[in-house]
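Novice: One structure, pasted below without further comment.
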Amino acid sequence: MLGEGIIKGLAETAKNFFGSYVSKERLTTVQYPEERIAPIEATRDFPFLVYDGDDWEAGLRCTSCQICEKECPPKCIYIEKSKDKKPDFTGRPQFYPARFDIDISVCMSCQICVEVCPFESIKMDTEFELATTDRFGGLLLDRKQLAKSNAHYHKIHPTEATLVDAHLAEEKAKADAKTKATADAAKAKAAAAAAAGEGA
Ligand code: SF4
Ligand code: SF4
């Protein structure tokens, strides 16, 4: 029949249009802010800095390498490296950021900072209720405001955070094995030197 396809298409459109008024699971909007839809795991808005343990400052994974600062397309990351060092997750002394600010009014949520970070230190958050009347100070987040626990990371991106934990555990095991091998070699060398001394 002539026009059958058009009629079928219109019928389908009408079914979906009116159906969305009566079928809750087909509604694409909710009565925000009274009602909220939980963000899906791939949701991302602005970056945060991951810390391990209970102390945000001591536990920051960031080593202040400044790669993210250099690679950020709109240049909205500002880092100042510390003068001293603190142990990283493997116990190795590392610099840390004395200052780490992100201007989220400029950030375009591209995630490049996350992709280039070699230390799993910066990840994308899902927090979006950040409106403020202070256009400048209110949107320039410092390291304390950016610091969020690994537990938070697991809550918002469980699959990704589990893979990151496994990767860090593997790196730590490698670092521990290397430290042990170096200590064993030094001990063997000292024992050989002592034996040679006794033989002379
Ligand atoms: S998400 Fe993109 S724009 Fe935002 S801080 Fe990271 S690199 Fe910069
Ligand atoms: S967040 Fe990552 S890439 Fe950026 S300075 Fe810290 S360790 Fe380096």
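Novice: Does any residue of the stretch 99-121 turn out to be more than 16 Å from ligand 1 (Cβ to nearest atom) and not polar (S, T, N, Q)?
Specialist: Within the stretch 99-121 (the criterion being more than 16 Å from ligand 1 (Cβ to nearest atom) and not polar (S, T, N, Q)), the answer is no, since none of the residues qualifies.
Novice: For the stretch 18-28, enumerate the residues that are among the β-branched types (Val, Ile, Thr) and assigned to a helix (DSSP H, G or I).
Specialist: Across the stretch 18-28, the qualifying residue is only Val22.
Novice: Ok, one more. Could you please find all residues in the stretch 77-93 being within 9 Å of ligand 2 (Cβ to nearest atom) and either over 16 Å from the mean Cα position of the chain (by Cα) or exposed (fewer than 15 other Cβ atoms within 10 Å of the Cβ) (or both)?
Specialist: Ile79, Lys81
Novice: OK, next. Within the stretch 105-116, how many residues are away from ligand 2 (no atom under 15 Å from the Cβ), touching a helix residue (DSSP H, G or I) at 6+ places or on another chain (Cβ under 9 Å) and among the aliphatic types (A, V, I, L, M)?
Specialist: 1
Novice: Now for a different question. If we scan the stretch 135-152, do we find a residue that is surrounded by fewer than 10 Cβ atoms within 10 Å (Cβ to Cβ) and not in a helix (DSSP H, G or I)?
Specialist: So far as the stretch 135-152 goes, yes, one or more of its residues are surrounded by fewer than 10 Cβ atoms within 10 Å (Cβ to Cβ) and not in a helix (DSSP H, G or I).
Novice: Restricting the first residue to the stretch 54-76 and requiring it to be farther than 19 Å from Ile104 by Cα and away from ligand 2 (no atom under 13 Å from the Cβ), which pairs with a second residue that is assigned to a helix (DSSP H, G or I) and at pLDDT 95 or above meet a Cβ separation below 7 Å and a spacing of at least six or different chains?
Specialist: Cβ pairs passing all conditions: Trp56/Lys144.
Novice: Only residues in the stretch 1-29 that are under 30 Å from Pro39 (Cα atoms) count as the first member; pair them with residues that are surrounded by fewer than 10 Cβ atoms within 10 Å (Cβ to Cβ) and at pLDDT below 80, Cβ under 8 angstrom, at least 6 apart or cross-chain, and list the lot.
Specialist: Within 8 Å, the pairs are Ser20/Thr28.
Novice: Here is a check on your reading of the model: is Phe128 of a type in the set (Phe, Trp, Tyr), closer than 15 Å to Arg44 by Cα and more than 8 Å from ligand 1 (Cβ to nearest atom)?
Specialist: The answer is yes for Phe128.
Novice: Could you say which residue among Ala169, Ala188, Ala161, Ala195 is within 11 Å of the chain's Cα centre (by Cα) and part of a helix (DSSP H, G or I)?
Specialist: Ala161
Novice: Would you confirm whether any residue within the stretch 29-49 is in a helix (DSSP H, G or I), loosely packed, with under 14 Cβ neighbours inside 10 Å and charged (D, E, K, R)?
Specialist: No: zero hits.
Novice: If you don't mind, there's one more thing I want to ask. For residues in the stretch 50-74 being within 14 Å of ligand 1 (Cβ to nearest atom) and assigned to a helix (DSSP H, G or I), which is nearest to Lys123 (Cα to Cα)?
Specialist: Cys68
The values are calculated or read from the model by the stated rules, or taken from the named source; none is laboratory data. Only a predicted model underlies this, so the values are computations on that prediction, with no experimental measurement involved. Cβ: placed from backbone, ideal geometry, glycine included. Neighbour counts: every protein chain shown.
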